[in-house]
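We did not get these values from a lab; they are worked out from the coordinates using the rules stated. From a predicted model like this one, the values you see are computed outputs, not experimental measurements.
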Amino acid sequence: KAFDDGSYFVLVNNEEVEFSQTGNNLTIPYEAGNDTIEIVGSYAIPEFGTIAMIVLAVAIVSIIVITTKTRTSLIPKL
């Protein structure tokens, strides 16, 4: 989705600046020595959702508990 709904603004060193846009491309003017550029109103979509992270955590804890309880060895003793 292009940045065309007007809900975005750009801060350079915490000061609002004008920017131009072409589709999804933003052209932000700034000078050398500026520390931060922020695009406010945008957000990142996480690669993995919260539910996936919970499932992963439960799986890891389950493997640790089962391994501890059964005392199985991955390397057979000679």
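Can you give the extra length, in nm with one decimal, that the chain gains between GLU38 and ILE60 once fully stretched, where that is 0.36 nm per residue apart less the Cα-Cα distance?
Full-extension gain reported as 4.2 nm.
From the largest down, region 9-70 spans 63, 28, 14 angstrom on the principal axes of its Cα atoms.
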